[in-house]
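What follows is a set of notes on a single structure, which appears directly below.
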Amino acid sequence: NSPSCEQIVQALYDLNQLEFEIYCVLLHFEYHNQPSNVDTLMAKVKRDDRTMINRALLTLLGLDLCQRTKVRGNAKRGYRYEYNPTPLVELKARLLEKINTWYDFVINEITHLENRFSEKDEILKQM
């Protein structure tokens with residue numbers, strides 16, 4: 001079986017299911033011009049653990065898969081953060097770059113396979 005697009009994105013960015021789901025929800029909110037803050041994300045992904053949502057968002061921010069903007073809130077809350085996804089066009093370009101880098105690495109490893117095994121053989125002989 002070939003991997004799905006979802007599996008490819010998750011593998012290349014080492015995302016768990018919630019992180020990937022939040023990225024997709026951010027895309028959905030952006031497409032429909034809806035605000036995307038922790039509360040709206042919690043409602044959409046049907047999770048009531050704010051900490052898990054914040055942790056997932058921090059992962060996405062660290063991978064540059066989303067950006068956050070400080071937005072003025074009401075009198076009680078001072079401000080809140082809204083999140084926007086990295087555009088799909090940019091994600092696609094990054095995925096292709098990651099795949100090409102990985103492909104070059106794999107080709108190099110296969111090309112030098114004999115050397116890798118002979119190095120290990122020398123180490124085993126010394127033991």
Subset of segment 50-63 (residues that are surrounded by 11 or more Cβ atoms within 10 Å (Cβ to Cβ) and out of contact with any helix residue (DSSP H, G or I) (no Cβ under 8 Å at 6 or more places or on another chain)): 55, 58, 61
Can you find a residue that is without any contact (Cβ under 8 Å) to a residue 12 or more places away in the chain and in contact with a strand residue (DSSP E or B) (Cβ under 9 Å, 6 or more places away or on another chain) anywhere in segment 83-105? no
Every residue in segment 39-49 that is surrounded by fewer than 18 Cβ atoms within 10 Å (Cβ to Cβ), of a type outside the set (D, E, K, R) and closer than 20 Å to residue 73 by Cβ, please. 40, 42, 43
Checking residue 45 against (1) modelled with pLDDT under 90; (2) more than 19 Å from residue 7 (Cα to Cα), which single condition isn't satisfied? (2)
Can you find, within segment 1-38, the residue that is farthest from residue 82 (Cα to Cα) among those that are without any contact (Cβ under 8 Å) to a residue 24 or more places away in the chain, in a helix (DSSP H, G or I) and open to solvent by less than 90 Å² (accessible area, probe 1.4 Å)? 11
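The values are calculated or read from the model by the stated rules, or taken from the named source; none is laboratory data. Here the structure is a predicted model, which is why all the values come from computation and not from measurement. Heads up, the Cβs are rebuilt from the backbone with ideal geometry, glycines too, and the neighbour counts pull from every protein chain shown. For accessibility, only protein heavy atoms count, side chains too; no ligands or nucleic acids. Shrake-Rupley method; radii C 1.70, N 1.55, O 1.52, S 1.80 Å.
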